[in-house]
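The values are calculated or read from the model by the stated rules, or taken from the named source; none is laboratory data. Model, not experiment: these values are computed from the prediction. So basically every Cβ, Gly included, is an ideal-geometry build from the backbone, and we count neighbours across all protein chains shown.
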Amino acid sequence: MPEDIVFIPNHRAIAYSRTLSTLRDKPRINALVRALGHGAQLFEDEAFGVLVSGAFEVAIGHDLDVWGAWLGEVRGSLTDLEYRRILSAKILANRTLGSTAELVRIFALLMDPVLAIAYVEQPPLVEP
């Protein structure tokens, strides 16, 4: 893990301390600042948990479920191996530029145990 990434455990307190002193005694402003700080803390906790739990390639069990939640894919009854393959395909699909090689790779990930995928370019047939 990079050394310059530091966990911040108190976003609510920091948000409150950075609020203008003239606005701190306003109940609605105070509630808004604390709510925003709380939301930032929830995101910090979740993101840092994913970072600390390890890379996607080695995530298992609950850590893999967290990756799935972030990607919007429900595990269902899939094993870790099957679920990682589906998530890998989803990651590639989200980042693809639509090249043939990328699409073949995504399809191959999804069909891996059942089907071997190969792409062969052929010139168009010329009719006599």
- Of all the residues that make up segment 14-42, how many are among the small types (Gly, Ala, Ser) and either farther than 30 Å from residue 66 by Cα or loosely packed, with under 13 Cβ neighbours inside 10 Å (or both)? 4
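A quick yes/no check of all residues on (1) modelled with pLDDT of 85 or more; (2) among the polar types (S, T, N, Q):
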| site | (1), (2) |
| --- | --- |
| 11 | yes, no |
| 21 | yes, yes |
| 29 | yes, no |
| 35 | yes, no |
| 43 | yes, no |
| 52 | no, no |
| 62 | no, no |
- With respect to residue 103, determine if the residue is in contact with a Phe, Trp or Tyr (Cβ under 9 Å, 6 or more places away or on another chain), surrounded by 14 or more Cβ atoms within 10 Å (Cβ to Cβ) and of a type outside the set (D, E, K, R). yes
- Query: If you go through segment 32-83, how many residues are under 30 Å from residue 16 (Cα atoms) and not in a helix (DSSP H, G or I)?
  - Reply: 0
- Item | Residues within segment 99-128 that are modelled with pLDDT of 85 or more and assigned to a loop (DSSP other than H, G, I, E, B), tallied | 1
- Report yes if some residue within segment 107-119 is surrounded by 14 or more Cβ atoms within 10 Å (Cβ to Cβ), under 30 Å from residue 10 (Cβ atoms) and free of Cβ contacts under 8 Å to residues at least 24 places away in the same chain; otherwise report no. no
- Note on the structure: Just one listed residue, out of 75, 95, is exposed (fewer than 13 other Cβ atoms within 10 Å of the Cβ), under 24 Å from residue 46 (Cβ atoms) and of a type in the set (D, E, K, R), and it is 95
